[in-house]
Each structure stands twice: as structure tokens, then as C-alpha cells.
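Step one of this worksheet: look at the structure below.
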Amino acid sequence: MKNNSFLFIVLVFCWFSFSQNPDKRLQVQEQNQSFVDTSSIKSNSSGNNIYDKKANIEQYLIVSSLRDSSYVDTTLSIKKDYKFNYLRKDNFGLIPFSNIGQTYNTLNKDFSQTRALPIFGARARHFNYMEINDINYYYVPTPLTELFFKTAFQQGQVLDAFFTVNTSPQFNFSIAYKGLRSLGNYQHILTSTGNLRFTTNFHTKNNRYNVIAHITTQDLLNQENGGITDEDVENFKSGAEDFLDRAVFDPQFQDAESILVGKRFYLQHEYEITKPSDSLSNKLKVGQTIYFEDKYYQFDQNRANEFFGDAFVDQIVDRTTLENFYNSVYFNLKNKLGDFRINLDYSNYNYGYNSVTVTDDAFIPNRIVDNTFSLGASYNNNFGKLNLSTQFQTNISGAFDGYFFKANLRYPINPNIDIHSEINYSSYAPNYNFLLYKSDYINYNWNNIDAFENLNVSNVMLKVEAPKLVNISLDLSSINNYTYFSKASSIDAVKPFQADKKINLVKIRVDKEFNVGKFSLDNSVLYQNVVDDNEILNVPQFTTRNTIYYSNDFFKKALFLQTGITFNYFTEYYMDAYDPLLAEFYIQNKIKLGGYPRLDFFINAKVRQTRIFFKAEHFNSAFTGYNYFSAPNNPYRDFSVRFGLVWNFFL
């Protein structure tokens, strides 16, 4: 059924794309648009603004949820190669599992996020779950289509199809679907995922009122096998010919699957109370952000397995749900003193399960249901070349205390050097998996709603961006009451814990590209160190990616080509292990993994608006040793050849 729906969407995309009249261009009346920057629109002799007969690429705008705009980029660069993957973003600092669509182990620990309320658990399954900030909006002079295709492992592929059109200068809509199916090289690790997105934006002709909205439906399904057995880990490391066919390995179990499903309805609209033509220097807006999100994570297993311990029943069906309604009203005042905003937020959340659990030791409730009101404010202004922006939010009622404060300073020394600093203080409850969890497996039941305290995080970042010289960033994080999963020695089962002492993390990242003629060397190096080594937060000390490549035009510049080799490496450390029942990673301090190189050879080409990618991934796997793992008992990918393309249609 899902495949038929996907085929229908692709056919609709193609029909829309090729049925448009390429000579029909949007005409835009002279106005000060609040949704997008129309400075690239030129004026005709009649005094009205009109797109050129042949639209410029700068006029195809992409607008983020924060109303920051950029334009569609059809160039080919090494940065595009880094983003040509399932996530469609640079995955430096992540190590994927063997099959596409599975989870990623995080090498680069990040504590810069700001929030005041707990979030849904099963975090290991959220890498490809598109959050509000992952959704973009569009403004295009002609219909735009983009097709992304990449081969997968054994009977499958990744396809991301996107279409957007402005039916008038005021109204745009887009529809997109990313689908994946991949069987994988090991037993029982099939993945099948789908991300459907619909967006729209509208503004009145006088720009007094504008609205952006989106709908997403996402389902991410994985077969789960718990990794290969300890015996087969040794067989894997041996590199013996009998074990090069990965399907011969016995996994921990072969009868489980998990799925993360979510639906979200989002709308943000605002009205400008003062007219743009008013002589008043004050510009006042009132707006509202409202959304409803319903998601669940479910783990099914045909028969209880001793891998997770004893169970209440023979057949496992664990389902965790969250219904979250959010409504925010804000006022925005902009004048010569700066850009001020104040907001009042309301959140209604219903998290939990269908039944309570009663054991000999405890009574475990089934729900966390409450309403929270929050008050927030922000300020943004330029003082000469210096830009200052601040944001504050605090919960003023409800079951969860929480707050965050964030301040950014940006100062361009000259057009080639930019200094950016940021401080962040936040206090928030751990994700719901830590607070309340219920399972058919006896050891996976707990209630820490009153036992766990808020995480208190302070983060300071300093970044120098000088592309012609070097990009360097320093990040200092201090975490109190850090929560984590680990195996409880008494029962050999994964449980949530909270650290009783402060954890300090130092990160330094350096990015630099060297160019000599047609050859380039692109480098990214990350250093991490937990100041007081406490065996709770484990990170590799060094993570590096280095790419040497050649670029040139051919056939009278009809073809642009890049080819080279990428080297990836991270130092050996106690890598986090994966629990498929929780869909969470947990710390372990018994097995050190890492310290293996990964070499990828690639040939990328651009013909008109089409970028073609060919890659021989991990081609060194056969001669540098079979000691490569993404997590304990979960090997990394073997050598494979994969290819794909990104194709834009401008009509």
C-alpha cells in the first residue's frame, strides 16, 4: 500500500512539472514582502516588479521555520558529497550501522540544545525523523522539482521526490516524499521508511498578514536482531572466507521489529498591526504558533527472548505514545532600539501506556498528563557591525520546572573573517524514556518521575569563521545531573541512571581546505576530552575526515567533475552499545572499539542541473583488518559500490 501511494505521488510530481507553461512567470507588485526578500526582483518600465523572462537561480528561495532565507543551490562541491546520504546532511561525527535506515552511533556529543520540557524517548530512532526546524518553505518564480536517488544494500533504494510551485505571488505549496527500503547484508535487518511532507505559505498583497504551515506523516520501520552473537564477533574479526557472506552470522534474535510513527500539523501566522507606510518608527506584530503532534514507538517480538531477561507474557508488544499540543501567542516590536519579542506558551502533553504495572516492589503508573504555561522573550539588534541576539524561556506552571537562556554575539572583522560566540544555560527534565517506561519485559519497568532531577547544562562556544584561512571552534560544556542508560550489574539489564557529579566536556573543531591548482585537500578534525574521566560520558578523543580530490571542467564546460578519496577515522574508545527495545544507546566500559580507517573513493559529476554521484565505500575493508564496528556486536559496513543523483527541474 505504501509503495502504491509513493508511486502515485511521483506521478503527480511529474505531471505537475511537465504540464506547466515554461513562459508563464510570476509577476510581483512592488511591495515590501515580510515572508521573503525580493531584492533580486527587477523592475520593468511600467514601474511594477517582474521576474525576468528567464528566472535567476537566486529567485528560487528556501525559507526556514525561523524565516531565514537562502536560494536553491545546483552547484557541485565537496560539501554536496558529504550531504549525499540518507539523512541528506553532513554526518561528520556520526557512524552509521550496517544497513541504511538503521540508527547512528554519535561520536560528537552535543549539549547546545535549548528546551524547557522533556522530549519523546527512543532517541536512537530520531535521526531521520523530521522535526519542526527540519521543514522548509519555498517561494519560486516557476515550478521546481527535485529528485534524489541513491542505491541501498540488497533489494532497495532511497528516493526523495520534491515539488513546489507558486500559484500566485502570494501563495506557495510544496509536497515531498522520502522513501527507503533496504534488505541489508545481515539477517533480519530490513528497513522501510517514509517521510511525507506538505508545506504552504501565504501573504496578503499588502503584507500585513502572512502564514506558514506544514503537515508531516512519518513511519520508520526496522527489523531488529540485537546484533551478532559474541561468538560471531570473533568470526567476523577473523576475516575467514567462510564468514565473508554476512548472512551466515547468527543474530541474537530474528523475530522482532520496531517502528516510530508520527503525525504533525503545524501553523504559524502573524499580523502587522502598523502599516509599512506609517511614519511611525515602531513596527508592531502579533502572531501565533500552534501545532499538534501525535507519535508512538512500538517494539514487537513474536516470542520473549532471554536477551532482555524474563517477561510477563510470551509475545511482546510494547507501545509508547505521546500526544503533544502546543499553542504560543507572541508580540513583536521593532524600532531603532532593536527587535523585541515576548511570548506566552501553552503545552498539553499526554505520554504513556494503556495500563499500569504492579509488581512486588512497586506500583508503576501508566501516564504523564499535564498542562504547562511558559513565558519567553527575545531581543535582537545591531550595534554597528556587532549583532546581538538573546532568547529566554521559563516554565511558570505545570509538573515540570525548566528554563533556558541563550545569547549570541556575531562580529565580522572584515568580509573574510567572522567571529561568533554563544552562551547557553538550560535546565530541563530528561526525556520521557528515563522518567517512565513500561514493557512486557520485567526488567524494563521503572518510574523516575519524582526521583530524577533536571539536567542543568551550561555551554559556551567561540567560533572563528575565516574560509580563506581556517574555521575553528571551541566548545565548553558543563552538565549537572547527567542522565544515561547503563547495564545494572545486579540484573544484567539496561536501566536509567543519573550522575551525582558534574561532567565537563571540551571540544575543539578545525576545518581547513587547501587548494593547489585543480587539486584540493579538505580537512575536518574534532578533538574531545571529558575533563574528569568518570566513565559515564565516553567520546573518542580525535575524529577526523580528510578528502583529497581533483576538480575540472570538460567538454567546453558542459561537464564538471570531481574525483578523489575521503579518509575517515576516530580513535579507540568505549563506544556506546545499542538497546533495540528502548531504541536508546547505553554506556559500556568493557570493550574498546574504533581506531580503524575508512577510505571512500568517489567520482562526482555535474551536467546542467543534474549532480551524479558514484562512490566505492570502505574499499580498504579487506586489507586493513576486520575490526570495524558501529557499536558492540554491530559491525560497520563492508566494501560496497553505490551511486545516485540529484536532479532539479526548473520550468
*How would you rank 627-635, 506-514, 258-266, highest first, on the average number of other Cβ atoms within 10 Å across their residues?*
627-635, 258-266, 506-514
*Go through region 160-170 residue by residue and turn each phi into a ³J(HN,Hα) via Karplus (6.51, -1.76, 1.60, θ = phi - 60°); whole Hz please, and just put x for glycine and proline.*
10, 10, 9, 9, 9, 8, 9, 6, 7, x, 9
*What is the count of Lys pairs in region 427-539 whose alpha carbons sit under 24 Å apart, if the two are 8 or more places apart or on different chains?*
10
*region 226-257 and region 419-452: distance between their alpha carbon centers, rounded to Å*: 33 Å
*Just subtract the alpha-carbon distance of ILE413 and LYS512 from 0.36 nm times their residue separation and send over the number in nm, one decimal.*
33.7 nm
*Among 470-477, 114-121, what's the highest-first ranking by average C-beta atoms within 10 angstrom per residue?*
114-121, 470-477
_For a quick check: sort TYR425, TYR482 by the number of other beta carbons within 10 angstrom, fewest at the front._
TYR425, TYR482
_I need the peptides 597-604, 216-223, 578-585 ranked by packing, meaning the mean over residues of other C-beta atoms within 10 angstrom, with the highest value on top._
578-585, 216-223, 597-604
*Given labels modelled 7 Å from the Cα in the Cβ direction, how far is it in nm from VAL313 to TYR550?*
6.3 nm
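Quick one: net charge around ASN456, please, counting Lys, Arg +1 and Asp, Glu -1 for every other residue with C-beta under 14 Å from its C-beta.
With Lys, Arg at +1 and Asp, Glu at -1, the net is 0.
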_Separation between Cα centres of region 544-567 and region 49-120, rounded to whole Å_ = 22 Å
_Selection from ILE396, PRO365, ILE423, by position along the positive dipole direction of the chain (Cβ)_ = ILE423
_Within the chain: Cβ-based charge dipole about Cα centre, in debye rounded to nearest 20 (Lys, Arg +1; Asp, Glu -1)_ = 3320 debye
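Where a number appears in this text, it was derived from the coordinates with a stated rule and is not lab data. Predicted model only: the values in this text are computed from it and were never measured. Backbone-built Cβ (ideal geometry, glycine too); neighbour counts: all protein chains shown.
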